[in-house]
Amino acid sequence: KEGQVDEYPVKVLVKDLDRLGYKRINLKSDQEPAIEAVLRAVKILWKGELMMEGSPKGESKSNGEVERAVQSVHGMARTLKESLEMKTRMTLDPKSPVLAWLVEYAATLNNLFNIGKDGMSPYKRIKGRDWHVKLPHFGELGHTSQDSWVADQMLTLCRDVCPNSPKSGKSIFPF
């Protein structure tokens, strides 16, 4: 509804800002009302100082690098979704929470591996080194020190989303 903000993108953005470690940051947006509403909510919840800057209306060129990143993440998300649907032999509901995870995973892949004109990924620009840890396929359940808890949480969450999800095992999807 107009004027209301979904809490998921706000929480993700606050978490990402906390993880980056900055105390003050300037976020630029295209002045779209929904984006500005999310940024206002983040400004309230984030402990750091958030400055909001609007790009000139009709000037997508001023956001060139960001626009390219959005296109890259969008394309990766489409590819991941198509791959997941092919492997599971099901069509994801457009309101499925899996899509939110999928877009976040696509953005992670972009940040870790998309090489810019300077020959570096966004991750390398921030950390000064390349990413070398092998990542799971999207939809694959990994192992942690809390394996049983993680598996139980994922399986519980996915039973509603994925009617064919297994009762136990290494993957939340049948592949």
**Q.** Per-residue ³J(HN,Hα) for the range 75-83, Karplus 6.51 cos²θ - 1.76 cosθ + 1.60, θ = phi - 60°, Hz, x for Gly and Pro
**A.** x, 5, 4, 4, 5, 5, 5, 4, 4
Q.
I need the phi-derived Karplus couplings for the range 127-137: 6.51 cos²θ - 1.76 cosθ + 1.60, θ = phi - 60°, integer Hz, Gly and Pro marked x.
A. 8, x, 8, 7, 8, 10, 8, 5, 9, x, 5
Q) When the label point is put 7 Å from the Cα of Arg68 along its Cα-to-beta-carbon vector, which residues of the range 98-121 have a backbone N closer than 13 Å? A) 114-121
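How high is the FRET efficiency between Arg89 and Phe113 when r is their beta carbon distance and R₀ equals 41 Å, given to the nearest 0.05?
On the way: r = 28 Å, r/R0 = 0.68.
Step by step, r from the Cβ atoms, then E = 0.90.
Solvent-accessible area per residue for the range 9-85 at a 1.4 Å probe radius, Å²? Write out the running numbers ahead of the final one.
Numbers: 5380 Å² over 77 residues.
With all protein chains present, the range 9-85 gives 70 Å² per residue.
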Q: Excluding Gly21 itself, calculate the net charge of residues whose Cβ lies under 14 Å from the Cβ of Gly21, where each Lys or Arg counts +1 and each Asp or Glu counts -1.
A: +3
Q: Step through the table entries Lys23/Lys127; Lys28/Lys124; Lys23/Lys43; Lys28/Lys127; Lys11/Lys47; Lys28/Lys95, compare each Cα-Cα distance with 19 Å, and write down the pairs that go over it.
A: Lys28/Lys124; Lys28/Lys127; Lys28/Lys95
Q: Would you mind checking which residues have amide H under 5 Å from Ser29's amide H? H placed 1.01 Å from N; only 5 or more apart, or other chain.
A: Glu53, Gly54, Ser55
Q) In the range 1-94, what GluC sites (Glu not before Pro) fall in a loop by DSSP, with at most 16 other Cβ atoms inside 10 Å? A) Glu2, Glu59
**Q.** Sites matching trypsin sites (Lys or Arg not before Pro) across the range 34-137 that sit in DSSP coil, with at most 15 neighbouring C-beta atoms within 10 Å
**A.** Lys47, Lys57, Arg89, Lys95, Lys117, Arg129, Lys134
Q: For Ser55 paired with Glu36, estimate the spin-label separation in nm (one decimal), with each label point 7 Å from Cα along the Cα-to-Cβ line.
A: 1.6 nm
Q. Efficiency by 1/(1 + (r/R0)^6): what FRET value for Ile44 and Tyr22, r their Cβ-Cβ distance, R0 = 22 Å, to the nearest 0.05?
A. 0.80
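The values are calculated or read from the model by the stated rules, or taken from the named source; none is laboratory data. What you see is a predicted model; the values in this text were computed from it and never measured. Neighbour counts run over all protein chains shown; Cβ positions are idealised from the backbone, glycine included. Side chains included, ligands, DNA and RNA excluded: accessible areas come from the protein's heavy atoms. Shrake-Rupley method; radii C 1.70, N 1.55, O 1.52, S 1.80 Å.
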